[in-house]
Amino acid sequence: MSLDKETVRKIASLARLKVPDEELETMAGELNNILGWIEQLREVDTEGIAPMTSVTVTVPALRADRVTDGGYVDLVLANAPEEVANSFVVPKVIE
Amino acid sequence: MSDLLKGNTGEWEMVIGLEIHAQVISNAKLFSGAATAFGAEPNSQVSLVDAAMPGMLPVLNEESVRQAVRTGLALNSKINHHSVFARKNYFYPDLPQGYQISQYELPVVGEGKIEIDLPNGDIKVVEIERLHLEQDAGKSMHDQHPTKTYIDLNRSGVTLMEIVSKPDMRSAEEAVVYVTKVRSILRYIESCDGNMQEGSLRCDANVSVRRPGDELGTRCEIKNLNSLRFLRQAIDHEAMRQIEVIEDGGLIPQETRLYDPDKGETRSMRSKEEAYDYRYFPDPDLLPLDLSEDFVAAMKASLPELPDVRKSRLVSEFGLSAYDASVLVAERETVDYFETVANGRDAKLAANWVISDLFGRLNKTGTPVSQSPVKAEALGELIDLISDQTISGRIAKDVFADMFETGKGAAAIVEDKGLRQVTDTGTIRAQVQAVIDANPDKVVDYRAGNQKLVGWFMGQVMQASQGKANPAMVNQLLKEIISG
């Protein structure tokens, strides 16, 4: 599998990353190196072997249904670019 | 079939599949300990997990899992003992993570089916494709400022169950009946309050049209329908739009559309170039969810009697008609109310009072049955007074109106107003005789063969007794005396 410049441009746009045109080629090369390595891993025969998620815990910790968090509007809004009436304010988005 | 649509070039069939987003009733969110209560101050119920601060990790709420499994079981669907949370990647200001944690290839609930009762009395099976757990997004408010959008993250991270049907519905009516049935089941088992106004239950409808018997057409998805009325309108409008496009020689592109209730039309939400590419992948912060047989069995044991079973029981145990039974079981509060009234009494009489008289008044005032001014026990007392002939059915209507207004008991109203039925033969005979004596010409008419006059005489006597005379006795005595 090999990525071309156009595919990299599309991935960047999906990730909301602004990649200048002159860097697309370089980035395609780097991504292809990573994909090449994964291709190499895929050579291992894993037929009939269940995916292993972890070497230690196998049962996820579950949370009891109790309210233990929240109630700190100031903290939540601390990094907001703009705020009014305890709400984040962003440029208008209407689909 | 009557559900086919008429176009200019022939008949068309609609095909509808529905996605229902149902908010799970829980104190805390799917992956955080922040509260879920409706109507709180903006951003007051947001944890740093919900705000997606770097380094914060999700921990699954056990109640969300319990409710998803209970709901899957109540929808007669397969529980997957192994399921996986996945990231659905997209950008929107009310989604601070930049992805929604959902389930993709391995949802917690797989295929199943439910039965819906159509208005013509038929039962239709609708198959369930899957049910998965996912996070709700925050709320965007576009109408607060001319150039800005306000974001409240209180809803961000609240547990949703997405219930996906197969494309089994063939009319807007069937879609509405299906949603109503699912909502009824969710409310029975108390996994979702079903409140469409507050957004606890919302629908996306996938609509396509085809010539009867043809392959499936291309579908359009109509997003975020938050009332049954809009669901019905949006489906009907969308189907007609598609038929017009195709009959004019056009093609339907697969797209997402929004319903505008003011204009009564759907419009494209985003074009194909902007179409989302969600790039799902398993969430590395969350282990797969493995459920034991014991857990699933315990969830099954925790379910109450479900609407279908309860309906059959009302028919077999109480002798109700299938129609009356289906009306009563639609809401759990209603059928609980009915069973309290019917217990140890004439069940059909009880059903008539609950469906005609109680529902009639409750609907008129928009009161839910849980807040009825006449409690089940009180209605039972009224029915007892009819059964033991203390009052007639006619007088009982007035007593019931009084109970509904004042909240007083039936027996007290009957005593206070002196409404006790007259069953004394002597008294009734005298009243009948008086009416007959006052109308000799009508008596002659009757004896000449005008049998219908009995009704008129009945009316006169009942009026003379202010409705209190026992109607059966009046009828009997009247025929006896008038015939001479």
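Using the structure shown, decide if B:E162 is away from chain A (no Cβ under 14 Å) and charged (D, E, K, R).
Working: away from chain A (no Cβ under 14 Å): yes; charged (D, E, K, R): yes.
It is true that B:E162 is away from chain A (no Cβ under 14 Å) and charged (D, E, K, R).
Of these, B:G467, B:G455, which one is without any contact (Cβ under 8 Å) to a residue 60 or more places away in the chain and outside the structural domain of B:V399 (by TED's automatic domain parsing)? It would help to see each step written out before you state the result.
Numbers: B:G467 fails: without any contact (Cβ under 8 Å) to a residue 60 or more places away in the chain.
The conditions single out B:G455.
Of the residues screened, B:F85 is one that is touching a residue at least 24 places away in the same chain (Cβ under 8 Å) and buried (at least 22 other Cβ atoms within 10 Å of the Cβ). The set of residues in region B:51-69 that are more than 7 Å from chain A (Cβ to nearest Cβ) and either open to solvent by 20 Å² or more (accessible area, probe 1.4 Å) or in contact with a Phe, Trp or Tyr (Cβ under 8 Å, 6 or more places away or on another chain) (or both) comprises B:A52, B:M53, B:P54, B:G55, B:M56, B:L57, B:P58, B:R66, B:V69. B:N76 meets all of the listed conditions (1) open to solvent by 20 Å² or more (accessible area, probe 1.4 Å); (2) at the interface with another protein chain (Cβ under 10 Å from one of its Cβ atoms); (3) at positive phi but one, namely (2). None of B:T266, B:T256 is within 14 Å of chain A (Cβ to nearest Cβ) and in contact with a helix residue (DSSP H, G or I) (Cβ under 9 Å, 6 or more places away or on another chain) except B:T266. Whenever a residue of region B:35-56 is in contact (Cβ under 8 Å) with a residue 40 or more places away in the chain and at negative phi, its partners that are acidic (D, E) and open to solvent by less than 30 Å² (accessible area, probe 1.4 Å), lying with C-beta atoms within less than 8 angstrom and at least six residues away or across chains, give the pairs B:P42/B:D152.
Of the residues making up region B:1-50, those that are surrounded by fewer than 20 Cβ atoms within 10 Å (Cβ to Cβ) and in contact with a Phe, Trp or Tyr (Cβ under 9 Å, 6 or more places away or on another chain) are B:L4, B:L5, B:K6, B:S44, B:L48. Exactly one residue out of B:S356, B:S326 is within 24 Å of B:L306 (Cβ to Cβ), open to solvent by 20 Å² or more (accessible area, probe 1.4 Å) and assigned to a helix (DSSP H, G or I): that is B:S326.
With respect to the conditions (1) open to solvent by less than 10 Å² (accessible area, probe 1.4 Å); (2) out of contact with any Lys or Arg (no Cβ under 6 Å at 6 or more places or on another chain), B:S102 lacks only one, and its number is (2).
Taken over region B:394-448, residues that are hydrophobic (A, V, I, L, M, F, W, C) and more than 48 Å from the chain's Cα centre (by Cα) amount to 10.
Can you confirm whether B:L133 is modelled with pLDDT of 95 or more, within 13 Å of another protein chain (Cβ to nearest Cβ) and open to solvent by 60 Å² or more (accessible area, probe 1.4 Å)? When the stated conditions are applied, B:L133 does not pass them. Residues in region B:135-154 that are within 25 Å of B:A74 (Cβ to Cβ) and free of Cβ contacts under 8 Å to residues at least 60 places away in the same chain: there are none.
Confirm whether B:Q466 is closer than 17 Å to B:W353 by Cα and either surrounded by fewer than 19 Cβ atoms within 10 Å (Cβ to Cβ) or at pLDDT 90 or above (or both). Let's see the steps before the verdict.
On the way: closer than 17 Å to B:W353 by Cα: no; either surrounded by fewer than 19 Cβ atoms within 10 Å (Cβ to Cβ) or at pLDDT 90 or above (or both): yes.
Spelling it out, it is not the case that B:Q466 is closer than 17 Å to B:W353 by Cα and either surrounded by fewer than 19 Cβ atoms within 10 Å (Cβ to Cβ) or at pLDDT 90 or above (or both).
If you go through region B:280-296 one residue at a time, do you hit one that is open to solvent by less than 70 Å² (accessible area, probe 1.4 Å), part of a helix (DSSP H, G or I) and at pLDDT 95 or above? Looking for residues that are open to solvent by less than 70 Å² (accessible area, probe 1.4 Å), part of a helix (DSSP H, G or I) and at pLDDT 95 or above, one finds at least one in region B:280-296, hence yes.
The values are calculated or read from the model by the stated rules, or taken from the named source; none is laboratory data. Keep in mind it's a predicted model, so treat the numbers as computed, not measured. For neighbour counting, all protein chains shown are included, and Cβ atoms are generated from backbone atoms with ideal geometry for every residue, glycine included. Ligands, DNA and RNA are stripped out before the accessible areas are found, and what is left, the full protein with its side chains, is counted by its heavy atoms. Shrake-Rupley method; radii C 1.70, N 1.55, O 1.52, S 1.80 Å.
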